[in-house]
Amino acid sequence: MLTLTANAAQAIRDLTASAPEPAQSGIRIASQGEGTGALTLSLATQPEPADEVVETDGARVYLDPVAASVLDDKSLDAGADDQGSVSFLVTDQPTT
């Protein structure tokens, strides 16, 4: 299952704090279509019926079935540039 770093969880909480329903809001990662291999990230007020929900420290990520499969062994990290723009990075989960 996708894991979130502390940086990613904080970035998601920051992004969803001003959402209409912050208690249910999160980011949604979805496939862009069959066979493209591309994923999109957007703000969401709630999960879609088939979404897998990943929650860490109050930060929610909704994954459509394709994204959940692609990101099953990955970790989501976040950082900000000098202007404060947030970017997300998918990395392999650390082995234990």
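The values are calculated or read from the model by the stated rules, or taken from the named source; none is laboratory data. All of these numbers come straight from a predicted model, not from anything done at the bench. Here the Cβ positions follow ideal geometry from the backbone for every residue, glycine too, while neighbour counts run over all protein chains shown.
For segment 11-63, the set of residues classified as in contact with an Asp or Glu (Cβ under 8 Å, 6 or more places away or on another chain), farther than 19 Å from Val90 by Cα and of a type outside the set (Ser, Thr, Tyr) consists of Gln46, Glu48, Ala50, listed by residue number.
If you take the residues of segment 75-87 that are more than 10 Å from Thr5 (Cβ to Cβ) and not small (Gly, Ala, Ser), which of them is surrounded by the most Cβ atoms within 10 Å (Cβ to Cβ)? The qualifying residue surrounded by the most Cβ atoms within 10 Å (Cβ to Cβ) is Val86. Which pairs have Cβ atoms under 9 Å, sit 6 or more apart or on different chains, and link a residue in segment 8-22 that is closer than 12 Å to Ala44 by Cα to one that is at pLDDT 90 or above and assigned to a helix (DSSP H, G or I)? So the pair list comes out as Pro22/Arg13; Pro22/Thr16.
Residues of segment 48-96 that are out of contact with any Leu (no Cβ under 9 Å at 6 or more places or on another chain) and of a type in the set (Val, Ile, Thr): Thr95, Thr96. Report whether or not Thr3 is modelled with pLDDT of 95 or more and more than 16 Å from Ala80 (Cβ to Cβ). Criteria met by Thr3.
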